[in-house]
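Reviewing the structure listed below.
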Amino acid sequence: EPETLLKFGHAASTSTPAHVALEKVDALIRENTDGRVGLELFPNSQLGGERELIESIQLGNIDMAFVSTAPLAAFDSDFYVFDMPFLFTDHAAVYSVLDGPIGQEMLDGLQRVGIMGVSYWENGFRQFENASRVVKTADDLKGLKMRTMENEVHIAAWREAGANPAPLAFGELFTALQQGTFDAMEGPINLFYSMKFNEVQKNISLTNHIYSPLVIMMNPDSASMLSDEDLAALKAAFAEIAPLQREMTQQADKDAIAAMPSVAVTELSPEDLATFSEKMGPVYDLVKQKVGGDLVDRIVATVK
Amino acid sequence: MKWIDENLEEAVVVFLMTLITGLIGLQIFMRYVMGASLSWSEELARYCFIWMSYIGVAYAVRRNVSIATTVLADALPSRGLRLAVSLFAHIVFAAFALLVVSQGITLVQKISGFGQKSASLGLPMAYVYAAPVVGFALTLIRLMQRIVLDLRAYQAGDPA
Amino acid sequence: MIAAILFGLFCVLLLMSVPIAVALGSASAIALFVAGKVSNTYIPQALVTSIDSFPLMAVPFFILAGDIMARGGLSERLLKVGGVLFGRFRGGMAIIAVVTCMFFAAISGSGPATVAAVGSILLPVMAREGYRPAFSTGLVASSGCLGVIIPPSVPMIIYAASANVSVSGMFLAGIVPGLLIAFGLIAYALWQARRDGIRATGEDQTARDVFAAIWEAKWALLAPGIILGGIYGGIFTPTEAAAVGVIYGLVVSMLIYRELSFADLYRSIAQSALTTGTVMVIVGTATIFGRVLTIERIPVILAESMTTIVENPIVLLLLINLLLLVVGTFLETLAAIIILTPILLPVALAIGVDPTHFGIVMIVNLAIGMITPPLGLNLFIGARVGKVPIEKLIPAMPPFVLTMVLILLALTYIPALSLALPSWASN
Ligand code: NA
Ligand code: NA
């Protein structure tokens, strides 16, 4: 049993690539600190949902957590940039930002709100999913009652594109889709598969509209309890596993598509995608207002 | 002053409950009749619900309603012992309320310092976390009243 | 060690008549302080986050909808329908009692509310017709359990939130078990009424009378259809359906029946807010209690030891039932759900039990707890509205409890009774 056992909370299930990778990180940390430091994992929102986890990091009620960026933006508005639709065209573009100076700056920026940013893992590109029809262009969205995350930018973007979006608790989503209270949703494919949404949704449009990283975070006081050497070993372990975790997530998306033959997966041409991004244009201004134009412009310049 | 004593919590919870019902009704109306879902109604309703719940705690003490196991107390042979148990229960309740209020104030200050905003309306989350603070502060006052009333009833010889 | 402090303090405080919410909260606060793992800001934080949930908001609405309909003349009309349908049978009032509770249960989400609404009108009538007050009150108190088994159901909402399953799925799964328990209670009640020499008092009704009573009660009879039909027709989420139930109840009792004044409405709203406050603070403090257990890894340890000691799933389920029955005698239903779900659900999942099915088993167990002393809310309310001393009521309860326990066993070992309806609905 390590002298320091860091309580690590997250909202994903134990079968997700992120949790599996986390177990590898734990082993690596124990090995590299000669067993002085280890992680105690609390998956499945056992210590609270993502918003509560971030808050508990700030308050020091847990030591570490990973969360997706959508709830994080309410704490640090810089993270609204990840809610901008069609900002990244592929993984290479994403990593050029996250693994470069901008990504590091944003992690460091979390210090302002009492959080130590450790590393970026992958939640993945989000896709559009629905029950009734093949959606290729924004015009096809008309009249679809769509569930989005509780995030102002997401709601605004889909409203601009022509859908009828509203937030809904994730736990209610399956039945709401089953009963037809909602027709459509959006999210990463591997989550779609692991939550069995293929039983109630028939179409996936590969919109890649948003890339969402997982942000690994730590309470600054918990970090300062560790020796510099141990803290460095901890950070290195997350960085070392990051490429593997990203690969596992992308593989999980591919496996999910292969495992759902009844779901029609539609590729969208650049012209099709443009019908969405053109309509969602006003959302860029909304994000710029929240973030400050400079960061948005620099990211746009980096991914070009 | 007397009106406040008798009606404060009740008026607040009735107002909030009415507001919540109206908000959800409006949400359904907008989704079906106007075809444009509201993004903020659910969030506002939820925060009103949290406020209503914790003001409701004070209201319950005011009305002397609680869910407690009273088998042991009921079986006690003397009025004096029953009073002692009931005072003990009030004092434990008051201590817990005091803990929630004092730690809640610290929490509200921290949350307000970090500047967290609500997801849809952009409200400072500190306003939401103030709900248990205010609710349990009122509860504390109501518990004091309750203790005084119990002692008076005992002196007056009520067989309670 | 921490677990011993937690449970020990909780039990002591509970015995000393400390409100359940406060007993849970204080025990957790002291355990957290002793363990020294988290700051005490954790308590106010969890009080907010644990009830910051849209599905939970259905709770006050289902309480309010039931209250409005009870005060607004809907219950009386339902009873009249029962009278014309079953009044001519021997023991017919017993059937009426159960059937009316079923209907009211399909509007209300709470057990005690069902007992209060039906009992206050029905029990005086049953006493006039020669039913022993202890028996008729026991029957209504037991049928009141249907309030949480037939949807909508507040405990199901709480379970769904704790177990991360769908509220609407739980609701569907409760219908067949609710019907079975209703039949079981009717069967026992008819047998007992005949033994007690009760005669039929109602006259034979013409089809016209039956139709007239049904027509008179049409708005009341429609209420469950609006709530459940709205959810399963894909129009509302459960929370929205609950709010629609409130609005529907208002329209019917204020505008159509004109039996609910603004003063009544104000009292209804105040009452439902009061109940919500007492219930939600239990949700809040029970969540803290459960988190302390989680941080101390008690659910994991317990689940592992339970599954290694008892490998036979049939025996394990029996043990879980026994545990829940015992817990249900003294612990409030919602607190029991929030504390025990994280502990028992992993065990159930490990032996291949579906989480929705497990939820039904849990809720029926705890519903039985509502009619067992020492803490049985339906008993307390029944005793009050039936004007029977609680010590006279308790001896009448064993046959009712036994009936429900037998059905519970069937529900435990035949998952299809709970799951057939939801899985049929999804195809
Ligand atoms: Na019900
Ligand atoms: Na009981």
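Think of segment C:42-147 as a dipole: +1 on every Lys or Arg Cβ, -1 on every Asp or Glu Cβ, centred on the Cα centre; then among C:65, C:147, C:75, C:75 lies furthest on the positive end. Taken as entire DSSP H runs, the helices of chain A that both span 20 Å or more between Cα atoms along their own long axis and average -1.0 or more on the Kyte-Doolittle scale are A:17-32, A:228-259.
Sorting C:357-368, C:298-309, B:16-27 by their mean Cβ neighbour count within 10 Å, with the most densely packed peptide first, gives C:357-368, B:16-27, C:298-309.
Counts of other chain beta carbons within 10 angstrom of each beta carbon in peptide B:81-90 average 2. Averaging the sequence gap over all C-alpha pairs within less than 8 Å and six or more residues apart, then dividing by the number of residues, gives segment C:1-63 a relative contact order of 27 percent.
Between residue A:119 and A:216, the built amide H atoms are under 5 Å apart, and every one of these is 5 or more places off in sequence or on another chain. Under the criterion of Cα pairs below 8 Å and six or more residues apart, the relative contact order for segment B:2-156 equals 28 percent.
Between the amide H of residue A:212 and those of A:123, A:124, A:125, A:126, distances stay under 5 Å, these residues lying 5 or more places away or on another chain, with hydrogens modeled in the peptide plane.
Of the beta bridges in the protein assembly as shown, as assigned by DSSP with both residues counted there, near 55 percent are antiparallel.
Couplings for segment A:118-135, taken from phi via the Karplus curve 6.51 cos²θ - 1.76 cosθ + 1.60 with θ = phi - 60°, read 9, 6, 9, 10, 10, 9, x, 6, 9, 10, 9, 10, 8, 8, 9, 8, 6, 9 Hz in order; Gly and Pro are left as x. Think of chain C as a dipole: +1 on every Lys or Arg Cβ, -1 on every Asp or Glu Cβ, centred on the Cα centre; then among C:306, C:368, C:353, C:368 lies furthest on the positive end. Amide H to amide H distances under 5 Å link residue A:42 with A:8, A:9, A:10, where only residues 5 or more positions off or on other chains count and H is placed in the peptide plane. Quick one: net charge of residue A:300's neighbours, Cβ under 12 Å, K/R +1, D/E -1? Residues near residue A:300 contribute +1 overall. Give the distance, in whole Å, between the Cα centre of segment C:11-25 and the Cα centre of segment C:303-378. First find each Cα centre; the distance between them is then 21 Å.
For chain C, the relative contact order works out to 26 percent when only alpha carbon pairs closer than 8 Å and six or more residues apart are counted.
Rounding to the nearest 10 and keeping the result within 0 to 90°, find how far the Cα-based axis of helix C:111-128 lies from the longest principal axis of chain C. Roughly 30 degrees, rounded to the nearest 10.
Helix C:2-15 and the long axis of chain C differ in direction by around 40°, with both axes built from C-alpha atoms. Computed about its Cα centre, the charge dipole of segment B:11-99 is approximately 240 debye, with only Lys, Arg, Asp and Glu carrying charge at their Cβ.
Expressed to the nearest 5 percent, the antiparallel share of DSSP beta bridges inside chain A is 55 percent. Give the lysines reachable from residue C:387 as a straight Cα distance under 26 Å; neighbours fewer than 8 places away on the same chain don't count. Hits, sequence-local ones excluded: C:80.
The residue among C:321, C:408, C:250 whose Cα reaches farthest toward the positive pole of the charge dipole of chain C, with charges on the beta-carbon of Lys, Arg, Asp and Glu, is C:250.
The phi torsions of segment C:367-373, fed into the Karplus equation with coefficients 6.51, -1.76 and 1.60 and a -60° offset, translate into couplings of 5, 4, x, 6, 10, 10, x Hz, rounded to whole numbers, with Gly and Pro shown as x.
Shielding by partners for peptide B:112-123, expressed as the average number of C-beta atoms from other protein chains within 10 Å of each residue's C-beta, is 5. A cut-off under 12 angstrom between Cβ atoms defines the neighbours of residue C:44, and their net charge, with Lys, Arg +1 and Asp, Glu -1, is 0. Exceedance of the 23 Å cut-off in Cα-Cα distance is limited, within the set A:7/B:110; A:235/A:290; A:142/A:196; A:279/A:304, to A:235/A:290; A:142/A:196.
Give me the angle, in degrees from 0 to 90, between the Cα long axis of helix C:92-105 and the longest principal axis of the Cα atoms of chain C, rounded to the nearest 10. Orientation of helix C:92-105: about 50 degrees from the principal axis. Bridgeable lysines around residue A:145 (alpha carbons under 17 Å apart, same-chain partners fewer than 8 residues away excluded): A:136, A:202.
Helical content alone sets the calculated 222 nm signal of the protein assembly as shown at -21500 deg cm²/dmol, taking -39,500 (n - 2.57) per DSSP H segment of four or more residues and averaging over every residue. For segment C:290-299, in order, what is each residue's ³J(HN,Hα) by Karplus, 6.51 cos²θ - 1.76 cosθ + 1.60 with θ = phi - 60°, in whole Hz (x at glycine and Pro)? Per-residue couplings from phi come out as x, 5, 4, 4, 4, 4, 7, 6, 5, x Hz.
All of the numbers you see were taken from the coordinates with simple rules; none came from a lab. Only a predicted model underlies this, so the values are computations on that prediction, with no experimental measurement involved. We place every Cβ from the backbone using ideal geometry, glycine too, and count neighbours over all the protein chains shown.
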